[in-house]
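Here, each number is a calculation from the coordinates, and none is a lab measurement. It should be emphasised that the depicted structure is a prediction, and the values quoted were computed from it without experimental measurement. Counting neighbours? That spans all protein chains shown, and the Cβs are built from the backbone with ideal geometry, glycine included.
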Amino acid sequence: MTDKQDSMNENSKPWKGRFTEETDAFVEAFTSSVGFDQRLYYYDIQGSIAHARMLTKVGILTDQECESIISGLEEIVHDIDRNDFNWSVKLEDVHMNIEARLTDRIGDAGKKLHTGRSRNDQVATDIRLYLRDELDSTIVEIVRLQQGLLDLAEQEADTIMPGFTHLQVAQPISFGHHLMAWFEMLARDRERLQDCRKRINIMPLGSAALAGTSYPIDRAYTAELLGFDRPSENSLDAVSDRDFAIEFCACAALTMIHLSRFSEELILWASAQFNFIELPDRFCTGSSIMPQKKNPDVPELVRGKTGRINGNLIALLTLMKGQPLAYNKDNQEDKEPLFDTVDNLKDCLRAFADMVPAIKPEHSNMYKAAKTGYSTATDLADYLVRKGIAFRDAHEVVGRAVRYGIENDKDLSDMSLDELQQFSDILEQDVFDVLTLEGSVASRNHIGGTAPNQVRAAIMRARDTLSRSLSDLG
Ligand code: ARG
């Protein structure tokens with residue numbers, strides 16, 4: 001083969017025609033992305049197959065050329081899957097590595113694949129195809145975690161624990177209600193991802209380098225082959241836009257914030273001081289020096305990974321902020337933060353989805369904690385208000401009763417009627433209906449309230465929405 005015919009192999013760049021010297025070896029390594037973008041190979045090849053079919057449909061490739069390109073590309077998928085592919089830094093990125101291998105394999109037809117296309121629209125298409133799949137499998141993990149929460153919440157609807165504000169005992173609540181708060185956060189996370197998917201599923205291919213192409217391409221056909229909702233509207237925007245990746249990372253950051261808050265509570269609750277739950281041994285580790293320790297490593301690590309996922313979002317935002325239209329090499333830096341976010345988010349969700357059903361609540365400790373914190377003080381004030389006392393006066397009466405309780409080490413519900421009447425003679429025997437933890441919880445009986453009946457109703461509604469959104473997903 002003469003140098004002229006030799007379009008692209010390890011030792012010759014596709015752009016070599018214009019250059020008079022070889023690329024500096026360090027620059028070659030510095031500018032290459034194949035070390036990390038090779039994981040896009042499957043999507044790169046799907047994109048190429050669709051592109052080849054489209055070129056054939058419009059008469060740019062013959063049927064025979066198309067067939068040989070497609071079978072060559074399918075063999076390459078096979079080679080990569082089998083780890084029989086020599087990724088070369090000299091060929092810079094996943095796109096040129098695959099194209100060079102194709103041409104090696106099938107000859108001249110391989111050189112025609114890049115007609116009417118650029119790596120700029122190619123890479124944007126690859127990332128969108130990749131992220132669409134990853135988003136779908138992320139949603140599967142969120143749903144698995146949500147289902148675990150629903151099952152546990154149903155089982156724990158009648159379990160009483162203290163609810164907190166300022167991490168001080170505030171009012172008694174149902175443990176199921178607390179679990180359902182986490183469910184709600186995840187429901188928003190799932191919705192956000194589903195919405196983000198709409199903006200991912202738009203096809204840049206056909207935008208070529210930046211301005212489109214002079215070939216009579218059929219973009220609607222390629223979009224249909226690849227399952228995109230439609231081709232992008234503007235070629236300059238399409239090759240340079242990374243909003244969809246940033247948006248995914250923002251969704252991921254919020255999901256991680258939720259998992260991190262969740263983690264923090266699990267860590268506190270598993271401590272000897274709270275002792276509200278026991279985490280299964282298989283999700284904990286021991287200490288190499290302190291034999292008694294059982295550490296909640298999984299939630300701690302999830303809380304810790306939230307840092308890098310927030311960092312990845314900031315990295316991508318900053319990557320884009322100064323870029324003029326259209327494609328700039330800066331964009332090559334989009335991949336590692338995105339991949340890191342996808343991998344870690346899915347791992348964290350998976351760990352939680354596996355762990356949550358195995359959480360063992362310590363019912364009596366939760367109950368005791370609710371009882372020692374004067375958590376029914378608001379109920380006593382509300383009772384006085386119902387008997388005609390102004391809320392501010394009632395607040396003061398109850399405050400005095402709590403002070404008496406602290407001095408005498410007695411919960412409100414453990415005081416006798418005589419003792420309580422020192423603070424207000426309006427109090428009658430029926431006050432004990434609201435002073436008990438059970439009475440207090442049952443009285444918050446409206447949509448969104450903690451009454452066990454309401455918690456069960458909320459769980460039923462949640463199961464319904466979850467199964468409807470699952471059937472929407474297909
Ligand atoms: N490796 C590049 C990236 O990740 C592919 C696109 C390169 N395009 C170019 N004109 N240099 O963004």
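Structure above, values below:
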{"item": "Once the Cα gyration tensor of the stretch 201-250 is diagonalised, semi-axes √(5λ) in Å", "result": "20, 14, 6"}
{"item": "Gain upon complete extension [T465, V402; 0.36 nm per residue less C-alpha separation]", "result": "18.4 nm"}
{"item": "Which of E10, E134 has the fewest Cβ neighbours within 10 Å, and the rest in rising order", "result": "E10, E134"}
{"item": "Aspartates and glutamates with Cα under 15 Å of K293, excluding same-chain neighbours fewer than 8 positions away", "result": "E278, D281"}
{"item": "Radius of gyration and maximum dimension Dmax of the stretch 1-145, Cα, Å", "result": "16.5, 60"}
{"item": "Förster radius 35 Å - calculated FRET efficiency between K387 and I447 (Cβ-Cβ, nearest 0.05)", "result": "0.85"}
{"item": "Out-of-range pairs (alpha-carbon distance over 21 Å; input K16/K335; K13/K329; K16/K329)", "result": "K16/K335"}
{"item": "Cα-based Rg and Dmax for the stretch 198-297, where Dmax is the largest Cα-Cα distance (Å)", "result": "24.7, 72"}
{"item": "Simple spin-label estimate for S416 and E438 in nanometres, 7 Å along Cα-Cβ", "result": "2.4 nm"}
{"item": "Computed label-point distance, nm, for sites R456 and K368 using a 7 Å Cα→Cβ extension", "result": "2.9 nm"}
{"item": "Radius of gyration and Dmax over the Cα atoms of the stretch 281-406, both given in Å", "result": "25.9, 73"}
{"item": "Distance (nanometres) between label positions extended 7 Å along Cα→Cβ at A358 and T115", "result": "5.7 nm"}
{"item": "Listed residues G59, A181, I139: farthest to the positive end of the dipole of the chain (Cβ charges)", "result": "G59"}
{"item": "Lysines whose Cα lies under 18 Å from that of K368, excluding same-chain neighbours fewer than 8 positions away", "result": "K360, K410"}
{"item": "Peptides 333-339, 464-470, 373-379 ordered by average Cβ neighbours within 10 Å, highest first", "result": "373-379, 333-339, 464-470"}
{"item": "Quarter of Cα convex hull surface for the chain, i.e. mean projection, nm²", "result": "30.4 nm²"}
{"item": "Span per principal axis, largest first, for the Cα atoms of the stretch 366-434 (Å)", "result": "33, 21, 21"}
{"item": "Gain on full stretching of the segment that runs from L268 to K329 - 0.36 nm per residue minus C-alpha separation", "result": "17.4 nm"}
{"item": "Principal axis dimensions, largest first and in whole angstrom, of the stretch 325-473 by Cα", "result": "78, 35, 35"}
{"item": "Value of Rg/Rh across the stretch 88-142 [Cα atoms, Kirkwood radius]", "result": "1.14"}
{"item": "Distribution of pairwise C-alpha distances over the stretch 406-447, 5 Å bins, in %", "result": "5, 21, 27, 20, 16, 7, 3, 1"}
{"item": "The chain, relative contact order in percent, only Cα pairs under 8 angstrom and at least six apart counted", "result": "16 percent"}
{"item": "Mean-position separation - Cα centroids, the stretch 47-78 and the stretch 343-379, in angstrom", "result": "55 Å"}
{"item": "Residue-span extension gain [A181 to H78] - 0.36 nm each, minus C-alpha spacing", "result": "32.5 nm"}
